[in-house]
Structures are given as C-alpha cells and as structure tokens.
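Okay, so here's the structure we're looking at.
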Amino acid sequence: MKITLHEVSKGRGGQALPTTSLEFHTGAVRFAIAETEQRPSVLGLIASGRMRPDTGRVTIDGSVDNRRLRRTIALVDAPDVSDPHADITLAGVVGEELMFAGVGATPLHSRRWLTQLGFGELAGVPIGNVDPAARVRILCELAVLRKGTEGVVLVSPDRHGGSPDGWWRIASEFADRGYAMLVIVGGSAAVALERMHELEAINASGPIPPLVLDSPADDEPTAGADIVTDTAADDVADPDPDPDADTDTAADEDEDATATDPAIDTDTDTDQNGAGR
C-alpha cells in the first residue's frame with residue numbers, strides 16, 4: 001500500500017498548510033515536517049483522508065479513494081482531533097479504545113491489556129503524565145486493534161518531550177510489522193532524527209511521480225465539504241449507493257474558518273478517540 005500526497009494545500013494562500021507533497025508506504029516509516037500549532041493536525045487529517053485539501057490530491061495505490069484511506073489509516077494523537085484529554089487515566093483511554101475495537105472494554109480488561117503490554121503499573125496514571133515513548137507505544141497498539149488498519153499517521157509525538165529516538169524506534173517497529181507509518185514532526189525533531197544516523201530516518205517529502213488519473217474530476221471537493229465525517233459517503237471516491245455509506249458534512253460554512261480550525265468532527269467509522277481517528 002502506498003499513500004501519496006500530490007501538491008496538497010489548505011487555506012487561502014496555504015495558510016493552514018502550504019503546498020506539500022509526500023509519500024509513505026507499507027513496511028516503512030517516514031517523517032514529514034509541519035510547523036505551527038495547527039499544521040501538523042491539518043496534514044494528518046489530509047494524509048488520512050479525513051480532510052479535503054483545497055488543492056492537490058491524495059491517492060492510495062495510485063487511486064483517489066478517500067473512503068478506503070479513512071478506513072485503512074489510523075490518525076493517532078493529533079492535537080485537538082484524536083488526542084485523549086490529559087486528565088483521563090490510561091486505563092480509561094484504553095477502555096474506550098477497546099470498546100471501539102469491539103473487544104472487552106471493562107476496567108479489568110483495560111488493566112489486563114496494559115499488563116500484557118508491560119504497562120500495568122500505569123493504569124491509574126493520567127495519560128498526560130505518561131512517558132512520551134510509552135504513550136506512543138500504547139496509542140499505536142490501540143490504533144492497530146481496529147480491524148482493517150494498515151497504516152498509522154502519528155502526529156507531533158515530539159510535543160510531549162523526550163528524545164526522538166524513543167518514539168521513532170517504536171514507529172520503526174510498527175513498520176517492521178507491516179504497517180505504513182508516517183510521523184509528523186517539527187523542524188527541531190527532524191534535525192535530531194537526521195543526526196541520529198543509526199535510526200535511518202527518511203523524510204517523506206521528496207520527488208513525487210506525476211499524478212495520472214483516469215477520471216481527474218472524480219474527487220473534486222464541494223463547497224463546505226472540507227472535513228469528512230465518519231458517517232459521510234465519499235460520493236466521488238465511491239459513487240455506488242451504499243446503505244453504510246458516509247455523507248460529507250460541512251466542517252464550517254466559512255472556508256477560512258475551516259482552514260484555521262481543522263480539529264472538528266472526524267470519522268467515527270475509523271476514528272479511535274485518543275488513539276487513531
């Protein structure tokens with residue numbers, strides 16, 4: 001599986017996200033740089049099919065298919081979108097994610113799951129106080145519990161502090177397990193990763209093959225349909241009637257407002273509150 005962002009941007013003049021091209025694929029971990037408070041979440045939403053770019057396209061295996069993208073890629077720990085509230089205990093976060101994954105979700109199940117993962121002693125700790133590397137491990141493990149998840153977009157793990165090599169090695173382990181991994185970081189973390197040569201960190205940005213689509217108009221955004229909700233059908237990516245289909249809803253009637261406030265309703269079908277949405 002290969003996900004490619006072809007010259008995507010968001011907001012007037014690229015204020016929410018300047019023109020960006022990148023690629024990540026199954027079995028590899030890549031990082032992408034996004035600075036400012038909102039751009040990491042905007043990039044994560046677009047890369048996981050949950051927000052329509054104002055320019056450019058996102059393809060999965062060469063095709064525009066936002067529905068498949070949303071159901072295949074988990075959006076993990078995106079600020080104001082899929083990050084759990086800092087005051088919720090770790091067991092509480094786990095319980096909610098186990099419920100969404102369709103498995104036992106009682107407090108006992110949560111504690112057992114954490115114990116099996118090696119973090120049983122942290123069950124009663126607020127997730128905001130959990131070590132950054134442990135947080136990434138737990139949230140990513142919760143994200144891939146969802147059936148059909150084949151990739152993870154991890155947003156701004158560097159904002160929690162700690163050394164980048166901790167969460168980067170964890171992301172690399174998930175890539176070795178066969179997931180497509182994209183880690184969105186700030187410039188300082190990117191420099192640190194590049195200096196740690198043993199990590200073999202590769203920037204997802206770079207030369208992107210020209211986009212060739214059989215039907216170039218099949219995924220044109222419609223006014224007010226910037227953020228794709230989980231109950232929304234991508235009527236361009238999946239035109240066939242489907243009783244289980246989602247309907248795109250307007251995240252904001254004002255395009256500028258959407259560009260500056262991306263963290264509104266996301267997919268509940270693939271969403272994982274506090275882990276991967």
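The values are calculated or read from the model by the stated rules, or taken from the named source; none is laboratory data. Everything quoted here is computed from the prediction, not taken from an experiment. SASA here: full protein model, heavy atoms, side chains in, ligands and nucleic acids out. Shrake-Rupley method; radii C 1.70, N 1.55, O 1.52, S 1.80 Å.
Applying the Karplus relation 6.51 cos²θ - 1.76 cosθ + 1.60 with θ = phi - 60° to region 156-165 yields 3J(HN,Hα) values of 6, x, 5, 5, 8, x, x, 7, x, 5 Hz, where x marks Gly and Pro.
Mind ranking GLU141, GLU200, GLU97 by accessible surface for me, highest first, 1.4 Å probe? Before the final figure, lay out each step's value.
Numbers: GLU141 25, GLU200 145, GLU97 0 Å².
Listed by decreasing accessible area, they come as GLU200, GLU141, GLU97.
For ASP83, the accessible area of its heavy atoms, probed at 1.4 Å with every protein chain present, is near 50 square angstrom. Taking all protein chains as shown and a probe of 1.4 angstrom, LEU145 keeps an accessible surface of around 70 Å².
Give the ranking of ILE3, ILE208, ILE33 by solvent-accessible surface, highest area first, calculated with a 1.4 Å probe. Before the final figure, lay out the partial values.
Details: ILE3 0, ILE208 45, ILE33 80 Å².
The most accessible residue leads, giving ILE33, ILE208, ILE3.
Just check region 112-162 against the gyration tensor rule for me: Cα atoms, a ≥ b ≥ c as the square roots of the eigenvalues, rounded for a/c under 1.5, and otherwise prolate or oblate depending on whether a/b exceeds b/c. Oblate. Using heavy atoms of the protein chains and a probe of 1.4 Å, the accessible area assigned to ARG159 is about 90 Å². Assign one of three labels to region 1-100, namely rounded, prolate or oblate, based on the Cα gyration tensor with a ≥ b ≥ c the square roots of its eigenvalues; rounded applies when a/c is under 1.5, prolate when it is not and a/b is larger than b/c, and oblate otherwise. Oblate, because a/c is 1.5 or more while a/b does not exceed b/c.
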